[in-house]
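To start, the structure itself, in structure tokens.
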Amino acid sequence: MISEEVLKKITHIVGQKHLIAGRDELAEYGSDATKLEAMPDAVVFPQDSEEVSLILRLATEKGFPVIPRGAGSGMSGGAVPVKAGIVMAMNRLDRILAIDEDNLICKVEPGVITADLQKAVEDIGLFYPPDPASVNISTIGGNVAECAGGLRAVKYGVTRDYVLGLTVVLPTGEIINTGVETMKGVAGYDLTRLIVGSEGTLAVITAITLRLVPKPAARRTMSAFFPDVSSAVDTVSRIIRNRIIPTILEFLDRHCLDCVREELNLPIPRKAGAMLLIEVDGEEVLVEQEAEKVRSVCNQAKAIKFEAASGKEEAETLWEVRRNVSPSLYKLRPHKISEDIVVPRSRMTEVVAFLDEIGHKYGLPIPAFGHAGDGNLHVNIMLNKENAGEMESALTIIRALFEKGIHMGGTITGEHGIGLTKAPYLEMEIPRAGLDLMSRIKKAFDPEGILNPGKIFYQRI
Amino acid sequence: MDEKTKKALMDIVGEENFTDSLIDLVSYSYDASEHSHRPSCAVWAETPEQVSGILKLADTERIPVIPRGAGTGLSGMSVPIEGGIVLDLNHMNKILKISIEDRLAVVQPGVVYDDLERALVPHGFFFPPDPASGKVCTLGGNVATNAGGLKGAKYGTTRDYVLGLQVVLTDGRIMRTGSKTMKSVSGYDMTKLLVGSEGTLGVITEITLKISPKPTATSTALATFGNLEDAGRALSETMYSGIIPSALEILGRKTILAINQNTDLNLPEVDAIILVETDGYTREETDYQMNKVIEVFKKNNADDIKQAKAREEAEKLWTARKSAYAVLARIKTHFVLEDITVPMSRIAEMLKGVEAIAERHNIQIATYGHAGDGNLHPQILYDGYDPEQVKSMEAATAELFKLSIDLGGTLTGEHGIGLSKASFMTLEHDPVAMDMMRSIKKTFDPNNILNPAKMGLEE
């Protein structure tokens, strides 16, 4: 519990208006998309690097936890204040500081909503590609802290690939600039990319320089249904082998298709065992040629049904299936545990078969969908969390799934991060030497361990 | 080096993989920079376990270890400036796996860049960074220095393709980082921290690289500009046009004059020449892109635009750019090649600044570079036997760095810090950032045995 004296000091830094300490209002800041909950002692809304610095310095001196927070849309509990302390909500730092068309870069504060930035740059013919599913609410600061991915990663990469430089406040209060405002730079260690994806455990980000690209002139959306997973995965390989890198290559398995069909009555072939949603973008003429190649690859791979949208509206219809997957799964069970593994693309068929088998064994449905282009599968273990037996089965399934994925050369998280929920499993993937180095790096940045404690590094609570 | 240590090293790598003969030590004393210093010995390692044994021994005995690829680095990072053991990784030169389905290649560090290129050709894929030293440089060196190249504007640099590593730490532990997949956010990004760390944090013994489909067609054109502002604007507007050229190179006036004096290319003697290449899978596609770029050039007052009709013509246009380094290198007894990078819109200003600096110090500086990502290579030509000129070179270098930083740029876009730029690190990084880098170094290498004195990390 934080002392009155400390609260008073913090109030003095940010002003009465920008501090919440009343229990009712605090609850909102104690959770994220995982629905895990913990109560912070207070929530503070700093307005600039200097205020952040003063608060962090105080925290290091007095030893209370600080939990940086964007929109709280994280999927691994990164923003949940498990050790109480001060939630540092970055919402007031919400300005787009500059968009530099000549150099294709922009500078933003962390509280800018990702979709707002996308719109602002698209209005002048530019493009910020990373688009996590939470794009309409998530903040750029959160995206950077988690290294958010999204649908377009197969062609455009993830948040990390667009961060050129950062302004960050260290837990000891120093403000530093990392990286460059140029397209490349190799002076010294890459502190920028060390901080990207560090889940608010190393420093608090107060400004971000991002790389932009020209907005693609045209895009084509297509969907294809296949009798089984292996023919869909084979199609993905063939597309890549034909040297086409689509913007989007989404995969849905049979469970997902069944749920969406029943919920929305969409025209999904009954025999369909898998679906691919494919989008290509670029110059008008080139997009036409690529779309034609994709069509012929899908036909060769014996797609049951292939559709190409001719306009924006038709594209929306094709998207409907994918958009409705997540909510429609709840018809199977009241709760869901989402995992986020990545495996080498060629092994996806094996993973889906494994899920069918293990789901059958434990009597739990495990629908999977995800970004087939990256081999990133969102595995959804459907269960009733009140049922202790089902909960126990789910944990067994998770461990088996992680073992399988890591054995294939994969990773336990492609875009959601470790946070709280995957912390107990991190040592399955990262060797002892790696964990040692990471915790020593953490210590170098944050000697008192005040920043987002309990995350990434597993601690029994 | 005492006999006991020598013997211990031989026990690890075998007698045939150890040398301390003078001729070898001299060969290992330099790289492509102006620095040199002899090591005590050199060893060739063939397995991660041998690397582990060497590091453990060196850590206990506090002997510097300098990992080495092809020694093509331009800033002295593989020069054993404090002596010690050169760890030559050229024997670890196997391509372990190419998987087109998974879009990746797994290689040992000693594989030569071009050898991987050749192995990927039958699959229609490539590893894009394309450093100028591609014929000889090793992939381990590329990763350690985060090498860039001609295709940076469109395809990025080495960093963008490294998915995972196997590295040996100074305490001898062998560690894997990253994964064999397209993405991962599992823990801190140790992979990207090691990329570009210039052999100061760990020794890379295996690399997993993302590979890309290789375009089969290109269009090439060369445009001349009567003044730098027009050229600068043409560059910015090109990058903004929606077309990203696969190469966008600039030659400044001094470079053009030098090429004309030393070859029979007869380039027009203008303020700037821009060489542009677009790539794709059909000529129709690449010409479509090229036409858009040419429109932008015309709008910005390009004097003369030559478009290559066939491959031979394209090669001729490329000769101008590719001969620059060698032509300039012959003019004086010595040269240094700088590597500053500025925001694209400041290229014209930077080029003018370079001319002013050259004039002020009465020294020749010719500039060319990768305009598409703002990376310029001013080549300072001087007589290294004339102390006055050496002084002028050093003063001009310092001013170049300062100007680059003032324009929002960086000391180095792709060559790295090494020894050459070590004393300028504090120009770009504030004391706290330097402290953080030092703590990271200490975390990985508490006894400072790995490539010591590089990157300006020692106080």
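Values quoted throughout were computed directly from the atomic coordinates according to the rules given, and no laboratory measurement underlies them. This one's a predicted model, so the numbers in the text were calculated from it and none came from an experiment. Neighbour counts are summed over all protein chains in view; Cβ atoms, including those assigned to glycine, are modelled from backbone coordinates with ideal geometry.
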- Rg/Rh for the stretch A:4-89: what does it come to with C-alpha atoms and Rh from Kirkwood? 0.95
- With a cut-off of at most 10 other beta carbons within 10 Å, and DSSP calling the residue loop, which trypsin sites (Lys or Arg not before Pro) in the stretch B:257-313 qualify? Please list them. B:Lys309
- Query: Would you list B:Tyr385, B:Tyr288 from fewest to most Cβ contacts within 10 Å?
  - Reply: B:Tyr385, B:Tyr288
- Item | Net charge contributed by nearby residues that have their C-beta within less than 11 Å of A:Glu429 (K/R +1, D/E -1) | 0
- In a shell of Cβ-Cβ distance under 15 Å around A:Glu28, excluding A:Glu28 itself, what net charge do Lys and Arg (+1) and Asp and Glu (-1) give? -2
- Of the cross-linked pairs A:Lys331/B:Lys183; A:Lys155/A:Lys293; A:Lys155/A:Lys215; A:Lys336/A:Lys422, which ones have a Cα-Cα span greater than 19 Å in the structure shown? A:Lys331/B:Lys183
- How large is the charge dipole for chain B, taken about the Cα centre, if only the Cβ atoms of Lys, Arg (+1) and Asp, Glu (-1) carry charge, to the nearest 20 debye? 820
- Message: Straight-line reach from B:Lys352: which lysines fall under 21 Å, measuring Cα to Cα and dropping same-chain residues less than 8 apart?
- Response: B:Lys254, B:Lys402
- Message: Nearest 10 degrees is fine. How inclined is helix B:3-13 to the longest principal axis of chain B, computing both from alpha carbons?
- Response: 70
- Stokes-Einstein at 20 °C, 1.002 mPa s, Kirkwood radius from Cα pairs: D for the stretch B:163-203 in µm² s⁻¹? 201
- Query: For A:428-437, what's the mean count of beta carbons from other chains sitting within 10 Å of each residue's beta carbon?
  - Reply: 6
- Provide the per-residue ³J(HN,Hα) series for the stretch A:267-273, in order, calculated from phi with Karplus coefficients 6.51, -1.76, 1.60 and θ = phi - 60°, each as a whole number of Hz, with x at glycine and proline positions. x, 9, x, 5, 7, 5, x
- Message: For a 31 Å ceiling on Cα separation, which of these pairs sit above it: B:Lys135/B:Lys180; B:Lys151/B:Lys454; B:Lys4/B:Lys135?
- Response: B:Lys4/B:Lys135
- Note on the structure: Relative contact order as a percentage, the stretch B:95-213, C-alpha pairs under 8 Å and 6+ apart, gives 32
- Just report the Cα centroid separation between the stretch A:334-348 and the stretch B:51-87, whole Å. 42
- Task: Principal axes first, then extents: for the Cα atoms of the stretch A:218-328, list largest minus smallest coordinate on each axis, whole Å, largest first.
- Result: 38, 29, 19
- Once every DSSP H run of n ≥ 4 in chain B is given -39500 (n - 2.57) and the sum is divided by its residues, what mean residue ellipticity at 222 nm do you get, rounded to the nearest 500 deg cm²/dmol? -10500 deg cm²/dmol
- Item | Dipole of the protein assembly as shown, positive end: most advanced residue of A:Met88, B:Tyr382, A:Leu266 [Cβ charges, Cα centre] | A:Leu266
- Note on the structure: Ranking A:Val204, A:Gly142, A:Thr349 by how far each Cα lies towards the positive end of the charge dipole of chain A (+1 on Lys and Arg Cβ, -1 on Asp and Glu Cβ), the top one is A:Thr349
- Item | Estimated vicinal HN-Hα couplings, Hz - the stretch A:99-107 in sequence order (Karplus 6.51, -1.76, 1.60; Gly, Pro = x) | 10, 9, 5, 5, 10, 6, 9, 9, 10
- Query: Calculated from DSSP H runs of 4 or more alone, at -39500 (n - 2.57) each and per residue, what is the 222 nm mean residue ellipticity of chain A, nearest 500?
  - Reply: -11000 deg cm²/dmol
- Dipole magnitude of chain A about its Cα centre, charges +1 at Lys/Arg Cβ and -1 at Asp/Glu Cβ only, in debye to the nearest 20? 920
- Contact order normalised by residue count of the stretch A:218-328, Cα under 8 Å, 6+ apart, percent: 45
- Label points 7 Å out from Cα along the Cβ direction at A:Ser3 and A:Ala400: separation in nm? 5.3
- Item | Principal axes of the protein assembly as shown: Cα extent on each, largest first, Å | 84, 63, 62
- Query: Hey, how much of the P(r) for the stretch B:3-88 falls beyond 20 Å, as a percent of Cα pairs?
  - Reply: 27
- Task: Measure nothing but the geometry: give the 0 to 90° angle between the long axis through the Cα atoms of B:253-262 and the longest principal axis through the Cα atoms of chain B, rounded to 10°.
- Result: 80
- Considering only DSSP states other than H, G, I, E and B, which GluC sites (Glu not before Pro) in the stretch B:343-379 qualify as loop sites with at most 11 other Cβ atoms within 10 Å? none
- Taking the dipole about the Cα centre of chain B, with the C-beta of Lys and Arg at +1 and of Asp and Glu at -1, give me whichever of B:Ala272, B:Gly110, B:Pro431 is farthest to the positive side. B:Gly110
- Task: Normalising by the residue count of the stretch A:332-448, find the relative contact order in percent from Cα pairs under 8 Å and 6+ residues apart.
- Result: 31
- Message: Quick check: the angle from helix B:48-61's long axis to the longest principal axis of chain B, C-alpha only, nearest 10 degrees?
- Response: 70
- Using alpha-carbon positions, what is the distance between the centroids of the stretch B:3-27 and the stretch A:399-451, in Å? 39
- Message: With 10 angstrom as the radius, rank B:Met10, A:Met183 by how many other C-beta atoms surround their C-beta, starting from the fewest.
- Response: B:Met10, A:Met183
- Under the 7 Å Cα-to-Cβ spin-label approximation, A:Glu386 and A:Asn242 lie apart by a distance in nanometres of 5.1
- Estimated dipole of the protein assembly as shown in Debye, rounded to 20 [Cβ of Lys and Arg +1, of Asp and Glu -1, Cα centre]: 1640
- Calculate how large, on average over all directions, the projected area of the Cα convex hull of chain B is; give the answer in nm² to one decimal. 22.0
- Where Rh denotes the Kirkwood radius from the mean inverse Cα pair distance, what is Rg over Rh for the stretch B:405-457? 0.99
- Query: Are there trypsin sites (Lys or Arg not before Pro) in the stretch A:1-49 that DSSP marks as loop and that have at most 12 other Cβ atoms within 10 Å, and which are they?
  - Reply: A:Lys35
